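Participant: One structure follows; several queries about it will come next.
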């Protein structure tokens, strides 16, 4: 063997080793803590019923997941990111700039954002506006916006108990926090737009979504089970998290009524519960033919066995889509329809 041929052989071995180092035989999933239980269930089922390894699922929060997903198309980046809110247009544009030009959006069902307390407490009922006044940074007092002064519920409404206001909720990286801020705080600001337009981004009152930062709202990380544990020890506190965690821990905690409506599968699916939202995951199409089991995972997740009206995920808190919508979503996802910027602006 000549010296030149030996050099070619060595180069080939190095190249092969590098490609093998980047190859993966296990799906990598990141994102929402709310979608995490559903995604993990499907991952375990895939590992148990096929020849593929169970995917690795990380709870990073929706925002954190989109950042990791958007790092490019290399196999050192996630294949899927879970999200408890729809992808933002800015995130899509960042993905495209990073070379991720083909993404499929999968709507899997609904979830409500529960405002829960210790199960031994008396039932608690508030309006969505009262919830906003308890959690937002700036509130109206005598016709002017001031830093939130409320420390007990009776200060917001004398009919409410003299009970300390304290929330354990998701951090800024969480889609649950994004959705809560939009649907509760943004909704209140929009209904008082004359006051909030001056301090809202681009002057749009409904874009004011600032959560108070004076210790009354305590970011508690991406592990919603830790919030549940805090509620079992502190009867004053409320926790903010996805409905599935309320259902899973209904022996220890109870949900507050919002505008007179309790969170349950029927009120969430119908939209009667005022803090309901859609759940998603996003697929990096560039990885479909490179990561073993990725297509099979998507097919399993989108099957009636998982997300149908009697699906396995309903048992752990997912609120199923209506039949017609579910069938259309299944068709779009399994044909790997490309998400567009226009879709996100609708």
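Participant: Which order results if 326, 24 are arranged by neighbouring Cβ count within 10 Å, fewest first?
Facilitator: Listing 326, 24 from fewest to most nearby Cβ atoms yields 24, 326.
Participant: Shifting gears a bit: Can you tell me the 0 to 90 degree angle between the C-alpha axis of helix 3-22 and the longest principal axis of the chain, rounded to 10?
Facilitator: Here the helix axis deviates by roughly 30 degrees.
Participant: Continuing with the same structure: Stokes-Einstein diffusion coefficient for the range 112-277 at 20 °C in a medium of 1.002 mPa s, Rh from the Kirkwood formula over Cα pairs: what value in µm²/s?
Facilitator: 134
Participant: Return the inverse of the average 1/r over all pairs of distinct C-alpha atoms in the chain, which is the Kirkwood hydrodynamic radius, in Å to one decimal.
Facilitator: The answer is 21.7 Å.
Participant: Right, next: Report, to the nearest 10°, how far helix 36-49 tilts away from the longest principal axis of the Cα atoms in the chain, using its own Cα long axis and a range of 0 to 90°.
Facilitator: Tilt relative to the chain: about 30 degrees.
Participant: Next question. Ranking 133, 312, 226 by Cβ neighbours within 10 Å, fewest first, what do you get?
Facilitator: 226, 312, 133
Participant: Separate question: Where both partners of a DSSP beta bridge lie in the chain, what percent of those bridges are antiparallel, to the nearest 5?
Facilitator: In the chain, approximately 70 percent of DSSP beta bridges are antiparallel ones.
Participant: What is the projected area of the convex hull of the Cα atoms of the range 245-346, averaged over all directions, in nm²?
Facilitator: 8.5
Participant: Taking only DSSP H segments of four or more residues, each worth -39500 (n - 2.57), what value at 222 nm results for the chain once the sum is divided by all its residues, to the nearest 500 deg cm²/dmol?
Facilitator: Value at 222 nm, helices only: -10000 deg cm²/dmol.
Participant: Under 18 Å from a label point 7 Å along Cα→Cβ of residue 223: give me every residue in the range 145-188 with its amide N that close.
Facilitator: 168-174
Participant: Considering only DSSP beta bridges where both residues belong to the range 131-262, give the percentage that are antiparallel (nearest 5).
Facilitator: Percent antiparallel among DSSP bridges in the range 131-262 is about 60.
Participant: Cut-off is 10 Å between beta-carbons; in what order do 278, 83 appear when sorted fewest neighbours first?
Facilitator: 278, 83
Participant: Compute the whole-percent fraction of alpha carbon pairs in the range 38-109 spaced more than 14 Å apart.
Facilitator: 63
Quick note: the coordinates plus some simple rules give every number you see, no bench work behind them. Nothing here was measured: the structure is a model prediction, and the numbers come from that model. Virtual Cβ from ideal backbone geometry, glycine too; neighbours counted across all protein chains shown.
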